[in-house]
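> The structure is given below, and queries will be raised subsequently.
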Amino acid sequence: MSKILKIGQISDIHIGNGEELVQGIDVCANFRNALNSDSMKNLDLLVLSGDLAENAEAGAYEYVASLFKDYKSPWCVIPGNHDNLDLMKNYFDLSGKVSGDRCFYRYDLKGRSIFFLDSACGNVSKEELDWLKAETAKVKGEVILFMHHPPCFCGHRFMDLRFHLENMVEVQEVLGGINNLTHIYAGHYHHQFEVNMGRQIVHVAPATQFQIDPNMPYFNLQSAAPGWQVINWGENFVETEVYFE
């Protein structure tokens, strides 16, 4: 347990049908730049935390899968609200990770346990929450959690108003009762946030597609530069560094 785990998180890639531009932005180049940046070298794990596709195009998943043919580190994926889980199953190995129409699972790595929830349809199901409670209780040490939607409001006027997690109160109640969970990682908001939620910290990754201005109640593009984050998880600490190109 003394080893520091280095985990990279890339979120909200929004790739179209192959290498086409999406809303005038070369989202494939943005994704490659995040994936190949110096900060992402020697990862113990890479997490793609949803919205791989812009409109659930098969070409998006085919493109992402092609970049991982020779990828050296383990990597995990969950769907976001722009994704189609049935299509994703054709391109990524999700065996044992899908129950019904949800993709949620536990991933054990070098003595640590990392949990993944599926909020792609806008909420987290009761089945997922019951499973999370039961599974985290089996782990003696600290765990971390990845999900697409932040489980709290973040102070993003546009996203909080229109696209927040639907059953936030119910989810917060369950998460708050998991004593060995202190760090939660999300995406979806196209802006970087760190929010204290009681004794838990929610780290919202920026998007590789673009960043949305959090100060406006309507959509306003803040930056087309890609962002991502890197987590260093040691025995008694979790440090999160955010990077922008």
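Bear in mind that the values in this text are calculations on the coordinates, not laboratory data. Here the structure is a predicted model, which means the values were calculated and not measured. Note: ideal-geometry Cβ built from the backbone for every residue, glycine included; neighbour counts use all protein chains shown.
> At 7 Å along the Cα-to-beta-carbon direction for both R32 and I4, put a label point, then send me their distance in nm to one decimal.
Each label point lies 7 Å from its Cα, and together they span 3.1 nm.
> Of the DSSP beta bridges with both residues in the chain, give the percent that are antiparallel, rounding to the nearest 5.
If I count the DSSP bridges inside the chain, around 55 percent turn out antiparallel.
> Per residue, how big is the convex hull of region 107-153 when only Cα atoms are used? Give it in Å³.
It comes to 84 Å³ per residue, whole-number rounded.
> Here's a follow-up. If you restrict to DSSP beta bridges whose two residues both lie in region 1-121, what percentage is antiparallel, to the nearest 5?
Just about 45 percent of them are antiparallel.
> Could you work out how much longer the chain between K89 and I201 gets when fully extended? Use 0.36 nm per residue separation minus the Cα distance between them, nm to one decimal.
37.2 nm
> Taking a 28 Å limit on the Cα-Cα distance, which of the listed pairs K41/K69; K6/K89; K72/K138 fall beyond it?
Beyond 28 Å: K72/K138.
> Using Cα pairs closer than 8 Å and at least 6 residues apart in sequence, work out the relative contact order for the chain, in percent.
Contact order relative to length: 22 percent.
> Relative to the compact-globule scaling 2.2 N^0.38 Å, provide the ratio for the alpha-carbon radius of gyration of region 29-85. It would help to have the intermediate numbers written out before the result.
Working: Rg = 11.5 Å, N = 57, 2.2 N^0.38 = 10.2 Å.
Normalised Cα radius of gyration, region 29-85: 1.13.
> Here is a follow-up. In nm, give the distance between the simple-model label positions of E170 and S223, each being 7 Å from the Cα along the Cα-to-Cβ direction.
3.6 nm
> What three numbers, in Å, describe the spread of the alpha carbons of region 83-216 along their principal axes, ordered from the longest?
Principal-axis extents of the Cα atoms in region 83-216, largest first: 42, 38, 28 Å.
> Cut-off 17 Å, label point 7 angstrom out along Cα-to-Cβ of N81: give me the residues of region 8-36 whose amide nitrogen falls inside.
11-15
> Percentage of Cα-Cα pair distances in the chain greater than 30 Å, rounded to whole percent?
More than 30 Å apart: 18 percent of the Cα pairs in the chain.
> Calculated FRET efficiency, F68 and E135, Cβ-Cβ r, R0 25 Å, to nearest 0.05?
About 0.45, to the nearest 0.05.
> Also, quick follow-up: Restricting everything to alpha-carbon atoms, can you work out Rg to Rh for region 160-205 with a Kirkwood hydrodynamic radius?
Result: Rg/Rh = 0.96.
> While we're here: Ranking request for peptides 147-153, 107-113, 235-241, 130-136: highest mean number of other beta-carbon atoms within 10 Å first, then the rest in descending order.
147-153, 130-136, 107-113, 235-241
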